[in-house]
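Novice: Below is a structure I'd like to ask you about.
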Amino acid sequence: EAQVTQNPRYLITVTGKKLTVTCSQNMNHEYMSWYRQDPGLGLRQIYYSMNVEVTDKGDVPEGYKVSRKEKRNFPLILESPSPNQTSLYFCASSFRGDRYPLNTEAFFGQGTRLTVV
Amino acid sequence: AQSVAQPEDQVNVAEGNPLTVKCTYSVSGNPYLFWYVQYPNRGLQFLLKYITGDNLVKGSYGFEAEFNKSQTSFHLKKPSALVSDSALYFCAVRPWGGSQGNLIFGKGTKLSVKP
């Protein structure tokens, strides 16, 4: 089954304790990205990756890091989490195709609800 | 600035009645437009997209959307609502420039279908 898998689904942590949210897709998609969803704000892009070893900042990158060492995996790293990073996080992947901008739909993971206390 | 607006936070519809969830956009260049649905405790699921061609786009679960370039709108519609359609709906656009894969989302519209 084609899917994007995120882990963990729920996480409560303390301020300053480094954490990683994993994301894996089995569709051989080139493009992967992370979004955060906050009430009244919709979804906002944190980081994205066009392919292996190619990553760049989205709209709200502060406080986050990512890496893309393999095509299928795109982990989100919070080096020193703070309470304002409490949110619902989604990983998404898309087939890149040959159009600019991408005209392909994104597949989303189930989400990770993070609480930083 | 490129943006998507969903003017209604919530839409209430009786089962069997037609439904419309509104979306307007502001982007440069020709837009690629998408609708996604989010059920409680689930990720976003793709419903339909407009890339080019026919202004009326048909998608999953009986939904359709009409692209109107002059009004810069992409409203989601369904002829007969089901209780199971109750969910959070997001309109999104892929803008030109910047992160080519970035989806700019509206704030979402909660659809409530009553029996």
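Novice: Among the numbered conditions (1) among the hydroxyl-bearing types (Ser, Thr, Tyr); (2) farther than 18 Å from B:Glu15 by Cβ; (3) under 16 Å from the mean Cα position of the chain (by Cα), tell me where B:Ser70 comes up short.
Specialist: (3)
Novice: Only one of A:Arg113, A:Arg96 is open to solvent by 10 Å² or more (accessible area, probe 1.4 Å), more than 13 Å from the chain's Cα centre (by Cα), within 10 Å of chain B (Cβ to nearest Cβ) and in contact (Cβ under 8 Å) with a residue 40 or more places away in the chain; which?
Specialist: A:Arg96
Novice: For the condition under 25 Å from B:Thr109 (Cα atoms) and within 15 Å of the chain's Cα centre (by Cα), what is the one hit in A:Phe108, A:Phe74?
Specialist: A:Phe108
Novice: Which of the residues belonging to the stretch A:25-48 are more than 10 Å from the chain's Cα centre (by Cα) and of a type in the set (S, T, N, Q)?
Specialist: A:Gln25, A:Asn26, A:Asn28, A:Gln37, listed by residue number.
Novice: Among the residues of the stretch A:47-89 satisfying the criterion of being touching a Leu at 6+ places or on another chain (Cβ under 7 Å) and touching a residue at least 24 places away in the same chain (Cβ under 8 Å), which is nearest to the other protein chains (Cβ to nearest Cβ)?
Specialist: Only one residue fits best here, namely A:Tyr89.
Novice: Right, here's the next one. If you take just the strands (runs of 3 or more DSSP E) that sit entirely in the stretch B:8-115, which of them hold at least 1 residues that are of a type outside the set (D, E, K, R), more than 13 Å from chain A (Cβ to nearest Cβ) and open to solvent by 50 Å² or more (accessible area, probe 1.4 Å)?
Specialist: Counting at least 1 such residues, we get B:10-14, B:19-21, B:24-26, B:56-58.
Novice: Quick one: is B:Ala5 of a type outside the set (D, E, K, R), touching a Lys or Arg at 6+ places or on another chain (Cβ under 9 Å), closer than 30 Å to A:Asp56 by Cα and surrounded by fewer than 16 Cβ atoms within 10 Å (Cβ to Cβ)?
Specialist: yes
Novice: Quick check: anything in the stretch A:28-43 modelled with pLDDT under 95, out of contact with any Ser or Thr (no Cβ under 7 Å at 6 or more places or on another chain) and of a type in the set (Asp, Glu)?
Specialist: yes
The values are calculated or read from the model by the stated rules, or taken from the named source; none is laboratory data. Given the structure is predicted, the values throughout are model-derived calculations rather than measurements. Virtual Cβ from ideal backbone geometry, glycine too; neighbours counted across all protein chains shown. Heads up: the accessible areas ignore ligands, DNA and RNA and are worked out on the full protein's heavy atoms, side chains in. Shrake-Rupley method; radii C 1.70, N 1.55, O 1.52, S 1.80 Å.
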